[in-house]
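J.: One structure coming up, written as structure tokens, with questions to follow.
FYI, it's all coordinate maths here, none of it is from the lab. Worth saying up front: this structure is predicted, and the values here are computed from it rather than measured. FYI the Cβ positions are ideal-geometry reconstructions off the backbone, even for glycines, and counts take in every protein chain you see.
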Protein chains: 2
Amino acid sequence: MSEFSEWFHNILEEAEIIDTRYPVKGMHVWLPQGFKIRKHTLNILKEILDKDHEEVLFPLLIPEDELAKEAIHVKGFEEEVYWVTHGGLTELNKKLALRPTSETAMYPMFSLWVRNHSDLPMKYYQIVNTFRYETKHTRPLIRVREITTFKEAHTVHATAEETEKQVQDAVKIYKQFFDKLGIPYTVSKRPEWDKFPGAEYTVAFDTIMPDGKTLQIGTVHNLGQTFAKTFDITYETATGEHEYVYQTCYGLSDRIIASVIGVHGDKAGLSLPPDIAPYQVVIVPIIFKKGGEEVIEFCKNLEEKLKLEANLRVYFDDRDIRAGKKYYEWEMRGIPLRIEVGPRDLQNKKVVTFRRDTQEKEIIDFDPSKISETITEIMDDVSLKMKDNAGEKLENNIRSVDSIEEAEDIMSQYGGIVTFDWCGDRECGKDIEEKVKVDILGVQLSEKENSTCINCDKPSKHITLLAKTY
Amino acid sequence: MSEFSEWFHNILEEAEIIDTRYPVKGMHVWLPQGFKIRKHTLNILKEILDKDHEEVLFPLLIPEDELAKEAIHVKGFEEEVYWVTHGGLTELNKKLALRPTSETAMYPMFSLWVRNHSDLPMKYYQIVNTFRYETKHTRPLIRVREITTFKEAHTVHATAEETEKQVQDAVKIYKQFFDKLGIPYTVSKRPEWDKFPGAEYTVAFDTIMPDGKTLQIGTVHNLGQTFAKTFDITYETATGEHEYVYQTCYGLSDRIIASVIGVHGDKAGLSLPPDIAPYQVVIVPIIFKKGGEEVIEFCKNLEEKLKLEANLRVYFDDRDIRAGKKYYEWEMRGIPLRIEVGPRDLQNKKVVTFRRDTQEKEIIDFDPSKISETITEIMDDVSLKMKDNAGEKLENNIRSVDSIEEAEDIMSQYGGIVTFDWCGDRECGKDIEEKVKVDILGVQLSEKENSTCINCDKPSKHITLLAKTY
């Protein structure tokens, strides 16, 4: 196991995120702390999506014939689909698939729902569990057999132009979401051979994990009319004709939590953005023989104050254990801010703050009329700095190269992402992947003029991102 | 189909709660309106449970050997379990069950989690989908093959006494929850032959649907040490011994939504308690040729005001369709309060309110400084009246009888619940069920002294509830 892998597994256990001892490979238990982080993360996502999407919930099981209807799509998933074959002691007439993704569950219904041009656009999403029989090595939250947190959005449009625009809107939505989590990303168009089965093209979000490998954390697919034709989804135009619709879909998974853990974590453990931390502030009393009651009283008031006035999630840790043990625990669990209060602080009208992100202690004035505002400002600054620091790390890990050799060098020395001009041809791409022994992540439009492919000297219109991927 | 069945199916479709056309029997799609009702309902439940339970999430799939460990339990479910036998094109070494309920998924982990007496009690819950291969006639939200909304709580305790107390606490929790929804209930102990497979005893909540049949809407099980012994869940006592734990579990399902629809609905459609209505207030402008702009402006301000000041979910319906059509639609969808605003109302400083529950129109004074308070008071009164009316209907449908013949008569004439003294013996109970041709729902402690069984004249310590059940 790599150093990062070991750290990642340890922190999942120690911070009580996930229990990996469940007796089915690749399927895990969300523990209370992990569940809270997941819940707050999903709340951010729902708030963004609810502005113009409707939340729905489709069945888990998909009949064999529906799943098989779209040939390219089923080909992409046939080796990964779990099959239900028996109900009780009876063999089912028709096998049922555990959804690997929900196009083939949803689109037969869309075919019933879409009638008229005035029904469009339709924008739905659901957050569900999905299943993939992974044959590769599984990793909690990263490569699993039960994806417990699969957010899939599906939209239906009248025209190809609207669909293009929806892809851009989805990219904006995901940017907004990842920015909130302080997760930096690259956005690129996946190469032809790596797009979603059935899509015209796929745009993907990747971040870089501490071991230099990239993690795909979100995808947006332009489905064109592929599924509309397969599932007969048509609408009546203003002039009475029947036309096939255009569609997009876009998804996120448990990997959003994996990226938060990986990107922000450090040797001391988790470091959580305030928006998703189970507690945003913990208050630890420093009690000596004298003045204990005053300290407790003060801490309780502070807790109530911050909850009511600043609407923060606050925990007053008055457990009867050493303060040092509490410090260690809350740092490891990634709680953004600790406030320490001792008898001398009360006398001096001060409290001590400790920021998890910078690991810095500060003595601040305690003014009851301003403390809520002060703490809120610190929270905002934590969010901002965490995002900036993570963004800087990502930038430093993206390196532009001029030759295949340089790409190889950098890849073996640093990992991360290398970028270069590429013609975009499949054969040339496969050749590059073979030479550098890592994958082409995707392409972005180049701003340079008259550039040529790093590998075959043909003209190149875009730059390519190359990375060792999870 | 009975009259109620037909009404129920129609309203699910017309109010866009559930789409029943999904191509697998007993599995349905939650539509946006239904999903919102479900979401608000679950939020109430979570708020109550989060006070002293931790939310977790366990895998869907349970290995065959774990499911089979507890013999009585597996016997109770073996005809209903869906089995996954293949991953991709490969047959699995070990079959995986789709959870019918999660004891056998959770308790092997509890065996790892519980160490010491100080770990206890533990109280967890999760909200998940579960699966039962129902061979009986399926009905949306009532008898389904995918239960999409299964709330299951599982607690672990050191002593039998604490477990008894937890059963009572769970009953209190469910009472609090159903009271919030205005759903009346009876609470009774299920007869031995109808308890949860593996439980010492089961306490159940039932309500009466408009067709006179009872619907089980919640259950609380005292599991004693049955599962602790099967899954080896032990704790170390203060004196260093290892003892088996005691457990309870309690659950709710999609039926909570079915009961809201059935209990509160009427000929005009749904009628929703304000706490769970997608919108609590709709504002409908009455526009004639003159004064249209002022009315629109007024409605928009009112919408903002009610949202901000009263924190209500408000919809301003300015669609270009007849007001009558809007009235019909919002009544059918069960929105608790409609506010109508016309130009004359503005002049008179009045608005018209229409309460869905009482179907009464009222002209109320519009005072901008008081309107939010007034509407909040109306909302509170709606909640209260809906609960009281539903409670009264239930009470009227519970009839005490002194003979088997009377029980038969009442059952065939009214349905509902009949109560009588019963000795509690299994054979006598079966005899009664055969004679009256309906089920014994459960027993409650009798307050009468020296009563005798209605059927066999043996002494009786409790009264029994008899009903035709869903």
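J.: For chain A, report the % of Cα-Cα distances exceeding 32 Å.
T.: For chain A, the fraction of Cα-Cα distances above 32 Å is 49 percent.
J.: If I fit a long axis through the Cα atoms of helix A:3-14 and take the longest principal axis of the Cα atoms of chain A, what angle between them do I get, 0 to 90°, rounded to 10?
T.: On a 0 to 90 degree scale, this one is about 60.
J.: Separation of segment A:5-44 and segment A:109-126 by C-alpha centroid, Å?
T.: After rounding, the separation between the Cα centres reads 36 Å.
J.: Order of B:83-89, B:316-322, B:462-468, B:128-134 by packing, highest average Cβ count within 10 Å first? Before the final figure, lay out each step's value.
T.: Working: B:83-89: 18.3, B:316-322: 12.7, B:462-468: 23.0, B:128-134: 21.3.
Answer by packing, highest mean first, reads B:462-468, B:128-134, B:83-89, B:316-322.
J.: At 222 nm, what helix-only mean residue ellipticity would chain A give, in deg cm²/dmol to the nearest 500, using -39500 (n - 2.57) for each DSSP H run of four or more?
T.: Working: 14 runs with 173 residues, N = 470.
Rounded to the nearest 500, the figure is -11500 deg cm²/dmol.
J.: Can you give me the long-range amide H partners of A:Ile233? Hydrogens built in the peptide plane at 1.01 Å from N, cutoff under 5 Å, separation of 5 or more residues or another chain.
T.: Residues meeting the criterion, in which the H sits 1.01 Å from N, are A:Val245.
J.: Restricting everything to alpha-carbon atoms, can you work out Rg to Rh for the protein assembly as shown with a Kirkwood hydrodynamic radius?
T.: Working: Rg = 30.5 Å, Rh = 31.1 Å.
That ratio equals 0.98.
J.: Now for a different question. Return the Cα extents of segment A:281-378 along principal axes one, two and three, sorted largest first, each rounded to a whole Å.
T.: Taking the Cα atoms of segment A:281-378, the three principal extents are 34, 31, 21 Å.
J.: With axes computed from alpha carbons, what is the tilt in degrees of helix A:103-113 against the longest principal axis of chain A, rounded to the nearest 10 within 0 to 90?
T.: For helix A:103-113, the angle is close to 70 degrees.
J.: Right, something else. Provide the net charge surrounding B:Gln166, with neighbours chosen by a C-beta distance below 11 Å and charges set as Lys +1, Arg +1, Asp -1, Glu -1.
T.: Values: positive: B:Lys123, B:Lys165, B:Lys172; negative: B:Asp52, B:Glu161, B:Glu162, B:Glu164, B:Asp169.
Taking every other residue near B:Gln166 into account, the sum is -2.
J.: How long are the three semi-axes of the equivalent ellipsoid for segment A:172-230, computed from the Cα gyration tensor as the root of 5 times each eigenvalue, in whole Å, largest first?
T.: Equivalent ellipsoid of segment A:172-230: 25, 14, 7 Å, largest first.
J.: Please arrange B:Val260, A:Val314 by counting, for each residue, the other beta carbons lying within 10 Å of its beta carbon, fewest first.
T.: Values: B:Val260 27, A:Val314 22.
The most exposed by this proxy come first: A:Val314, B:Val260.
J.: Residue farthest toward the positive end of the dipole of the protein assembly as shown, with Cβ of Lys/Arg at +1 and Asp/Glu at -1: which of B:Gly416, A:Leu466, B:Val171?
T.: B:Val171
J.: Please give the net charge around B:Lys350, taking every other residue with its beta carbon less than 11 angstrom from that of B:Lys350, where Lys and Arg add +1 and Asp and Glu add -1. Please report the intermediate quantities before stating the final value.
T.: Values: positive: B:Arg344, B:Lys349; negative: B:Glu340, B:Asp345, B:Glu362, B:Asp365, B:Asp367.
Spelling it out: positives minus negatives among the neighbours equals -3.
J.: Could you give each residue of segment A:264-277 its phi-based ³J(HN,Hα) in whole Hz, using Karplus coefficients 6.51, -1.76, 1.60 with θ = phi - 60°, and x for Gly or Pro?
T.: These are the phi-based 3J(HN,Hα) values: 8, x, 8, 4, 7, x, 5, 9, 9, x, x, 4, 10, 6 Hz.
J.: Just to confirm the filter: which trypsin sites (Lys or Arg not before Pro) across segment B:362-442 are DSSP coil and have at most 15 other Cβ within 10 angstrom of their Cβ? It would help to have the intermediate numbers written out before the result.
T.: On the way: sites: B:Lys370, B:Lys385, B:Lys387, B:Lys393, B:Arg399, B:Arg426, B:Lys430, B:Lys435, B:Lys437; in loops: B:Lys370, B:Lys437.
Taking segment B:362-442 and a limit of 15 other Cβ atoms within 10 Å, the loop trypsin sites (Lys or Arg not before Pro) found are B:Lys370, B:Lys437.
J.: Mind checking the dipole of segment B:204-243: about its Cα centre, +1 per Lys or Arg Cβ, -1 per Asp or Glu Cβ, Debye to the nearest 20? Write out the running numbers ahead of the final one.
T.: Values: 2 positive and 6 negative charges, 48 e Å.
Dipole of segment B:204-243, to the nearest 20 debye: 240 debye.
J.: Name the residues whose placed amide hydrogens come within less than 5 Å of the amide hydrogen of B:Leu441, ignoring near sequence neighbours (fewer than 5 apart) on the same chain.
T.: So B:Leu441 has HN proximity to B:Leu465, B:Leu466, B:Ala467.
J.: Related question: Whole-Hz Karplus ³J(HN,Hα) for segment B:336-343, in order, using 6.51 cos²θ - 1.76 cosθ + 1.60 and θ = phi - 60°, x for Gly and Pro?
T.: x, 9, 10, 10, 9, 10, x, x
J.: Next up: Determine the distance separating the Cα centre of segment B:341-367 from the Cα centre of segment A:262-277; give it in Å without decimals.
T.: So the separation of the two Cα centres works out to 53 Å.
J.: Over the whole of A:49-60, what's the average partner chain Cβ count within 10 Å per residue? Rounded to a whole number, please. Can you show the working numbers first?
T.: On the way: counts 0, 1, 0, 0, 1, 5, 6, 7, 13, 8, 13, 9.
If you average over the peptide's residues, the count of other-chain Cβ atoms is 5.
J.: Also, I was wondering about something else. What relative contact order, as a whole-number percentage, does segment A:193-321 give when Cα pairs under 8 Å and 6 or more residues apart are counted? Write down the numbers at each step before the final one.
T.: Details: 165 pairs, mean separation 21.6, N = 129.
In percent, rounded to a whole number, it is 17.
J.: How large is ³J(HN,Hα) for each residue in segment A:413-426, as worked out from phi by the Karplus curve 6.51 cos²θ - 1.76 cosθ + 1.60 (θ = phi - 60°), to whole Hz, x for Gly and Pro?
T.: Whole-Hz 3J(HN,Hα) from phi for segment A:413-426: 7, 10, x, x, 10, 10, 10, 6, 6, 9, 6, x, 6, 4.
J.: Please report, in whole Å, how far the alpha carbons of segment A:398-467 spread along each principal axis, starting with the longest.
T.: Reported extents, whole Å, longest axis first: 30, 23, 18.
J.: May I ask you to list the trypsin sites (Lys or Arg not before Pro) in segment B:4-52 that are in a DSSP loop and have at most 15 other Cβ atoms within 10 Å of their Cβ? Don't jump to the answer; show the numbers that get you there.
T.: Values: sites: B:Arg21, B:Lys25, B:Lys36, B:Arg38, B:Lys39, B:Lys46, B:Lys51; in loops: B:Arg21, B:Lys25, B:Lys51.
Answer by residue number: B:Arg21, B:Lys25, B:Lys51.
J.: Just need the relative contact order of chain B here, percent rounded to a whole number, with Cα pairs under 8 Å and 6+ apart.
T.: Working: 907 pairs, mean separation 62.8, N = 470.
Result for chain B is 13 percent.
J.: What average count of beta carbons from other chains do you get within 10 Å of the Cβ of residues in B:108-115? Can you show the working numbers first?
T.: Details: counts 3, 6, 0, 0, 3, 4, 0, 0.
Counting other chains' Cβ atoms within 10 Å and averaging over B:108-115 gives 2.
J.: Please state the charge dipole magnitude for the protein assembly as shown, taken about the Cα centre, from unit charges on C-beta atoms (+1 on K and R, -1 on D and E), reported in debye and rounded to the nearest 20.
T.: Details: 124 positive and 162 negative charges, 54 e Å.
Rounded to the nearest 20 debye, it is 260 debye.
J.: With angles folded into 0 to 90 degrees, how steeply does helix B:292-310 sit against the dominant principal axis of chain B? Use alpha carbons for both and round to 10.
T.: 30 degrees
J.: List the residues, sorted by chain then number, that are 5 or more residues from B:Leu92 or on another chain and whose placed amide H is less than 5 Å from its amide H.
T.: B:His86, B:Gly87
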